[in-house]
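Notes for the one structure printed next.
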Amino acid sequence: MVSDVNRLKEAIDPGRIKHRIEEFSEIGKDPIRGMTRPGLSEEETIAKRKAISLMKEIGLHVSVDPFGNIIGRRDGSDPRTLPIMTGSHLDTVQNGGRFDGTVGVVAALEVIHALNTLKVITRHPIEVIVFTSEEPNRFGISAFGSKGLSAKWNFGELSKLKDEKGTPFPVALRSAGIDWESLPKIPQPSRLHAFIELHVEQGQGLYQKGIPIGVVLGVTGIVRQQVTVRGESNHTGTTSMTVRKDALTTASEIILAAEKCVQTEGDEDATATVGRIQVRPNQVNIVPGEVLLTVEFRSFLPERLSKMKERLAENLSEIRERRKTEILAEEILDQPPLRFSEKVIHSILKGTHALGFPSLSLFSMAGHDANHLASITDAGMIFVPSKEGFSHCPQEWTDAEDVAKGCMVLLHSILHIDGENQ
């Protein structure tokens, strides 16, 4: 453990951090605006190759696991110990920003550079990881690499997935250099001593309060339901308003009802969103006959999630009866709220205190790779401010100096965990 925190601070270079973020931002730069580097795309593959090059430059032993995750390893002094892992992802949403995910990868590389500069030999191996396809990809799944690492996938279900062009999921994996045939043969999740992910907050909490470090206590629960509304398609001019069974106006009521489910609970952090909607036949002169929409609720309080689900079911029943339309709701995701490891939270708090940085303990209302690693090891997260809370958009911005402070806390936390029980 480095006892002189000033030496630790000096080993982190904001200029190098800024340069590396800029390097990655050239990959997948959208000609219109923002970054488009989807999971399982050529752009993600190029970004991964860049990461491999940087890993090798700082002396890491690089490997690629069966899920396409890139892992760079710095050996420790005790070969009997399990690795401490840090990192994030390099894929982006459509027209996204340059910081989400990338900051966590750059921070992990910076920590290794600092350890080399300080000539610190850790007891545990330290591993830097670039996860495959964290964002929702064209097959409608997310966190492919981290779920794979934690042995959460049902390969039978994955094999049936196709994108909008009809490309089977296994074919897309092979195009991304991932051997589909080998995946079902992986029996156990990876074994790790701990995992810490640095990430931009994707909210305004730190930015509004002027606080540089967020200590993440856990991650929101998420419930998603796919709702199908079936009415009757008919000519817009010849079908009077009194006899219509308009699936879209019915869906509009469902969207507003979902919003009221959250407002009724009085939970400022809870959210309701309908982010995807499909209208059929989607013609200007035809009454919409079918609508598919996805209703999502988020809260870090399980009892609130249950209440919102109950209220939505009641509303759907009332709307179905009044509108004389068919409404079917299928739950497609029920992710309970997650609490991170107290051990890792303590190590992060200890780092912020030692370095003299104010911190805010908070919950993440967005999901991350760390969610899934928490099922197999002690895991936690560090947040750095996101200017005005912008995320998943071109306006996304985090100052290099703020990332550097997060790197300092990440480095201190890793060293603290590494030095435990010695």
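Residue-wise test of (1) surrounded by 15 or more Cβ atoms within 10 Å (Cβ to Cβ); (2) closer than 18 Å to Glu314 by Cβ.
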residue	(1), (2)
Val227	yes, yes
Val243	no, no
Thr249	yes, no
Ile255	yes, yes
Cys261	yes, yes
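Answer with yes or no whether Ile121 is at pLDDT below 95, assigned by TED's automatic domain parsing to the domain that holds His368, closer than 30 Å to Arg74 by Cβ and surrounded by fewer than 24 Cβ atoms within 10 Å (Cβ to Cβ).
Here the answer is no, as Ile121 does not meet what is asked.
How about the stretch 57-95: which of its residues are of a type in the set (Asp, Glu) and closer than 21 Å to Ile27 by Cα?
Glu57, Asp91
Within the stretch 240-292, how many residues are in contact with a Lys or Arg (Cβ under 9 Å, 6 or more places away or on another chain) and either assigned to a loop (DSSP other than H, G, I, E, B) or of a type in the set (Ser, Thr, Tyr) (or both)?
Total satisfying the criteria: 13.
Provide a single number: the residues in the stretch 2-32 that are on the phi < 0 side of the Ramachandran plot and either assigned to a loop (DSSP other than H, G, I, E, B) or in contact with a Leu (Cβ under 8 Å, 6 or more places away or on another chain) (or both).
Counting residues in the stretch 2-32 that are on the phi < 0 side of the Ramachandran plot and either assigned to a loop (DSSP other than H, G, I, E, B) or in contact with a Leu (Cβ under 8 Å, 6 or more places away or on another chain) (or both) gives 17.
Pick from Arg322, Arg244: which is without any contact (Cβ under 8 Å) to a residue 40 or more places away in the chain, farther than 30 Å from Asp369 by Cα and of a type in the set (Lys, Arg)? Step through it out loud before you land on a result.
On the way: Arg244 fails: without any contact (Cβ under 8 Å) to a residue 40 or more places away in the chain.
After ruling out the rest, the residue left standing is Arg322.
Test each condition in (1) touching a strand residue (DSSP E or B) at 6+ places or on another chain (Cβ under 7 Å); (2) assigned by TED's automatic domain parsing to the domain that holds Pro125; (3) among the small types (Gly, Ala, Ser) for Gly210 and report the one that comes out false.
Failing condition for Gly210: (1).
Spot the failing condition for Glu43; the list is (1) at pLDDT 95 or above; (2) surrounded by 21 or more Cβ atoms within 10 Å (Cβ to Cβ); (3) within 15 Å of Gly101 (Cβ to Cβ), and only one is missed.
Failed condition: (2).
As an exercise: evaluate Ala51 against (1) buried (at least 20 other Cβ atoms within 10 Å of the Cβ); (2) more than 21 Å from the chain's Cα centre (by Cα); (3) part of a helix (DSSP H, G or I) and give the number of the one condition it does not meet.
(2)
For the stretch 205-225, how many residues are part of a strand (DSSP E or B), small (Gly, Ala, Ser) and closer than 21 Å to Gly356 by Cβ?
1
In this structure, is Leu360 at pLDDT 95 or above and more than 29 Å from Pro212 (Cα to Cα)?
Answer is no for this residue.
Select, from Arg37, Arg20, the only residue that is surrounded by 19 or more Cβ atoms within 10 Å (Cβ to Cβ), under 30 Å from Gly356 (Cβ atoms) and in the same structural domain as Val403 (by TED's automatic domain parsing).
Result of the check over Arg37, Arg20: Arg20.
Given the stretch 301-387, what strands (runs of 3 or more DSSP E) lie entirely inside it while holding 1 or more residues that are of a type outside the set (Asp, Glu) and surrounded by fewer than 19 Cβ atoms within 10 Å (Cβ to Cβ)?
Filter on the stretch 301-387 gives 326-335, 359-364.
The values are calculated or read from the model by the stated rules, or taken from the named source; none is laboratory data. From a predicted model like this one, the values you see are computed outputs, not experimental measurements. All Cβ positions, even for glycine, are placed from backbone atoms using ideal geometry, and neighbour counts span all protein chains on display.
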